[in-house]
Amino acid sequence: MNMPLGYVNLEEVLRNAAELMALSARTAPKSAGQDYVVIKIISGAQISQLAEAMVQYGVEKNKRNFDRDGKNVKSSPIILLIGLKDSQTLGLNCGACGFDSCSDCKTHQGTEFDGPQCALRILDMGIAIGSAVKMAGILGVDNRIMYRIGVVAKKMGLIEASFVMGIPLSATGKNIYFDR
């Protein structure tokens, strides 16, 4: 039996959790102390529009599982988006991005994300995402990091970023993001 949280407004509780997740992502360490991570919380009509657009994108591009993840999105009261915007290379010439020199790593618009991205900036984003989902775990909020949300959220202009991941949030008797 699906028991409501009583007098508690579930969307409000999840929004508060998302705000704490965003705080954790914001304060996560960043390379050279330079922060190119962008964060946005979406809810309501934006989630319905995102879910529909994800299904449509999967059909148009003949890409698997956008429909499955779109169904998860539709069942999520809150989504946290985390991305990179206007990130600059660190200047180490490490080659992890695929180029020998940072000066050769020129970002261009890709089919889903813009790239290449400096590998160390992607690590910054990954650490921010890890910090956010750690906070969700502490709070007992069901979540899952989803690439497909990021693809469509970027295309829809829900967040200004070159590279995006989405984290849908839910609080039910069983985690809706697993055993799908």
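Throughout, read-outs are computed from the coordinates displayed, never taken from laboratory work. The shown structure was predicted, so the numbers you read here are calculated from the model rather than taken from an experiment. As a convention, Cβ positions derive from the backbone with ideal geometry for all residues, glycine included, and neighbour counts pool all protein chains shown.
What is the distance, in nm, between label points placed 7 Å from the Cα along the Cα-to-Cβ direction at residue 12 and at residue 56?
The modelled label-to-label distance comes out at 3.4 nm.
Taking θ as phi - 60°, what are the ³J(HN,Hα) couplings along segment 115-132 by the Karplus curve (6.51, -1.76, 1.60), each to the nearest whole Hz, with x for Gly and Pro?
x, x, 10, 4, 4, 6, 6, 5, 4, 4, 5, x, 5, 4, 5, x, 5, 5
Under the Karplus relation 6.51 cos²θ - 1.76 cosθ + 1.60, θ = phi - 60°, what is the ordered set of whole-Hz ³J(HN,Hα) values for segment 171-179, x standing for Gly and Pro?
Rounded to whole hertz, the list is 9, 10, x, 9, 4, 6, 8, 10, 6.
I'd like the FRET efficiency for residue 160 and residue 123, computed as 1/(1 + (r/R0)^6) with the beta carbon distance as r and R0 of 35 Å, rounded to 0.05. Could you put the intermediate results ahead of the total?
Values: r = 21 Å, r/R0 = 0.60.
Efficiency for this residue pair is about 0.95.
Ranked by Cβ crowding within 10 angstrom, fewest neighbours first, how are 8, 13, 164 ordered?
Working: 8 10, 13 17, 164 26.
Fewest-to-most Cβ neighbours within 10 Å comes out as 8, 13, 164.
Would you kindly derive the ³J(HN,Hα) couplings of segment 75-86 from the backbone phi angles with the Karplus curve 6.51 cos²θ - 1.76 cosθ + 1.60 (θ = phi - 60°), listing them in order in whole Hz, with x for Gly and Pro?
In residue order, the calculated couplings are 8, 10, x, 9, 10, 9, 9, 10, x, 10, 10, 6 Hz.
Could you compute the longest span of the chain free of chymotrypsin sites (Phe, Trp or Tyr not before Pro) located in DSSP loops and having at most 16 other Cβ atoms within 10 Å, not counting the site residues? Working shown, then result.
Values: sites that count: 7, 99, 178.
Result, exposed sites excluded: 8-98.
Can you compute the modelled spin-label distance between residue 20 and residue 34, with each label point 7 Å from Cα toward Cβ, in nm?
That separation, rounded to one decimal, is 3.3 nm.
Take residue 172, project a point 7 Å from its Cα along the Cβ direction, then tell me which residues of segment 122-145 have their backbone nitrogen under 19 Å from it.
137, 140-145
Could you pull out every residue, at least 5 positions away or on a different chain, whose amide H is within less than 5 Å of the one on residue 78? Hs are placed 1.01 Å off N in the peptide plane, and Pro or chain starts have none.
169
In degrees between 0 and 90, to the nearest 10, how far off the longest principal axis of the chain does helix 45-61 point, with axes built from Cα atoms?
Once rounded, one gets 60 degrees.
Students often get this wrong, so check it: of 61/85; 154/174; 40/85; 71/134; 61/106, which have C-alpha atoms separated by over 20 Å? It would help to have the intermediate numbers written out before the result.
Details: 61/85 25 Å; 154/174 29 Å; 40/85 12 Å; 71/134 24 Å; 61/106 26 Å.
Where the Cα-Cα span goes over 20 Å, the pairs concerned are 61/85; 154/174; 71/134; 61/106.
Where a ≥ b ≥ c are the square roots of the eigenvalues of the C-alpha gyration tensor, would you call the chain rounded, which needs a/c under 1.5, or, failing that, prolate if a/b is larger than b/c, or oblate? Kindly include the intermediate steps, with their values, before the conclusion.
Numbers: a/c = 2.49, a/b = 1.53, b/c = 1.64.
Judged from the Cα gyration tensor, the chain comes out oblate (a/c at least 1.5, b/c at or above a/b).
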